[in-house]
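Structure first, commentary second.
Every read-out reported here was derived from the displayed coordinates using simple, explicitly stated rules and does not represent laboratory data. All values derive from a computational prediction rather than experimental measurement. In this analysis, Cβ positions are derived from the backbone assuming ideal geometry, glycine residues included, and neighbour counts consider all displayed protein chains.
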Amino acid sequence: MKNVLLAVDRASTWLGQAFAWLIVVLTCLISWEVFSRYVLNNPHDWALDAQIMMYGTLFMLAGAYTLSKNGHVRGDVLYGFFMPRTQATLDLVLYILFFLPGIVALTWAGWTFANESLHIRESTFSATPLPLYPFKFMIPLAGGMLLLQGIVEIVRCMQCVRDGEWPSRMRDVEEVDVDKLKDMVHVKDEDIAALDAVVVRQRRSMK
């Protein structure tokens, strides 16, 4: 079971990291359009549509990735003080009551919208129209991956309720942990205090 959960984590991570490169493409496109519009006096009517579609794709396909890292925003004022089993029970109830119905509806409706868009070869309304149906297929893709990752999180909640501790998950980029950083570079609090004292003495001597 653990290998299955981590496999879904890896799929969500790969998808999120792959489409994260859209931010580079989006940055280059915006920079070029600004240069073209204000320096070359040659704006492109399709550029805004392309930017919106790329940003929408990036935003939607980050959902499963973020869920796999437990990175979605939550009201943590009281939640962080709960025992793991209580946290898992609360998460499990919320997943079943709110997450599953909402994501199933998103995936189902997104698939319907995407197929209708493909059927009529829907495009944007700019003077130079762009095909819109490829972008609309990102909706069921994002919903399906989010649903799959959500099922994994539900299984994790059930395991935590049973065992009293959260099961492992894949690690990714994290904020700097000062204590871990100190251990890595072999720096002690006493060394930092001594360095601070030297800096203070130097500042006093310069006055």
Task: Binned Cα-Cα distances of the stretch 1-118, short to long, each 10 Å bin given as a whole percent - done: 11, 26, 31, 19, 10, 3, 0
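Sorting check: for 77-89, 99-111, 53-65, which peptide has the highest mean count of neighbouring beta carbons within 10 Å, and how do the rest follow?
On the way: 77-89: 13.1, 99-111: 15.8, 53-65: 19.5.
Averaged packing, sorted descending, gives the order 53-65, 99-111, 77-89.
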Task: Point-to-point label distance, R121-R10, nm (Cα→Cβ direction, 7 Å offset) - done: 4.1
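Based on Cβ point charges of +1 for Lys and Arg and -1 for Asp and Glu, what charge dipole magnitude is obtained for the chain about its Cα centre, in debye rounded to the nearest 20?
Working: 19 positive and 21 negative charges, 55 e Å.
Around 260 debye, computed over the chain.
Counting only other residues whose beta carbon sits under 15 Å from that of F135, what net charge do I get with K and R as +1, D and E as -1?
Details: positive: R121, K136; negative: D49, E116, E122.
Net charge in that neighbourhood comes out at -1.
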Open item on the list: Among A50, V73, H119, whose Cα projects farthest towards the positive end of the dipole of the chain, with charges put on the beta-carbon of Lys, Arg (+1) and Asp, Glu (-1)?
Closed with: V73
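With an 8 Å cut-off on Cα pairs and a minimum separation of 6 or more residues, tell me the relative contact order of the chain in percent.
Values: 184 pairs, mean separation 53.4, N = 207.
Reported as a whole number, the value is 26 percent.
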Task: MRE, 222 nm, helices only [DSSP H, n ≥ 4, -39500 (n - 2.57), over the chain, to nearest 500] - done: -23500 deg cm²/dmol
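Show me the ranking of peptides 17-24, 133-140 by mean Cβ neighbours inside 10 Å, starting with the highest. Don't skip to the answer; put the middle values down first.
On the way: 17-24: 13.2, 133-140: 18.6.
Highest to lowest by the protection proxy: 133-140, 17-24.
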- [ ] Measure off 7 Å from each Cα along the Cα-to-Cβ vector at L48 and R204, then give the distance between these two points in nanometres to one decimal.
- [x] 6.3
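Specify the longest stretch of the chain that does not include any exposed loop site, a site being one of the GluC sites (Glu not before Pro) with a non-H, G, I, E, B DSSP assignment and at most 14 other Cβ atoms within 10 Å.
On the way: sites that count: E165, E174, E175.
My reading of the result: 1-164 is the longest stretch.
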Task: Label assignment, Rg/Rh (Cα atoms, Kirkwood Rh) derived from the structure, set (1) 0.99; (2) 1.38; (3) 1.14 - done: (3)
